[in-house]
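Novice: Take a look at this one; I'll ask things after.
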Amino acid sequence: MVAVEFRNGADPLTLEGVPAGTQIPKNIGKRVQDYCLEKGLMVLTTSCFDTIRFIPALVVSEREMDEAMGIFKEAVEKVALEG
């Protein structure tokens, strides 16, 4: 399992390069999950953090992972632009 947690720029643990005060869209995890599902990618959210979890099959191919990450990138960009 691998996870991506969405964090605000005001969070002291946020990585360098994110402008201070950057705000993530409300419910980004659920909204990204919904978009991914519409495109055929199943990902999981968590109940207590704005996080997306990836749990691929052990036999996932590189092509399948490339496709999955393309869908995930589209989802994050779409939700971020919507605000």
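Novice: Report the residue count in the stretch 68-83 for those that are open to solvent by 100 Å² or more (accessible area, probe 1.4 Å) and either more than 15 Å from the chain's Cα centre (by Cα) or not hydrophobic (A, V, I, L, M, F, W, C) (or both).
Specialist: Count: 2.
Novice: Now, a different point. Output the residue which, of all residues in the stretch 31-52 that are of a type in the set (A, V, I, L, M, F, W, C) and in a helix (DSSP H, G or I), is surrounded by the fewest Cβ atoms within 10 Å (Cβ to Cβ).
Specialist: L37
Novice: Restricting the stretch 13-29 to residues that are within 19 Å of L81 (Cβ to Cβ) and surrounded by 13 or more Cβ atoms within 10 Å (Cβ to Cβ), which is modelled with the lowest pLDDT?
Specialist: Checking each candidate, the answer is V18.
The values are calculated or read from the model by the stated rules, or taken from the named source; none is laboratory data. All of these numbers come straight from a predicted model, not from anything done at the bench. With ideal geometry, Cβ positions are generated from the backbone for all residues, glycine too; neighbour counts draw on all protein chains shown. Each accessible area value is taken on the protein alone, full model and side chains, heavy atoms only, with ligands, DNA and RNA left out. Shrake-Rupley method; radii C 1.70, N 1.55, O 1.52, S 1.80 Å.
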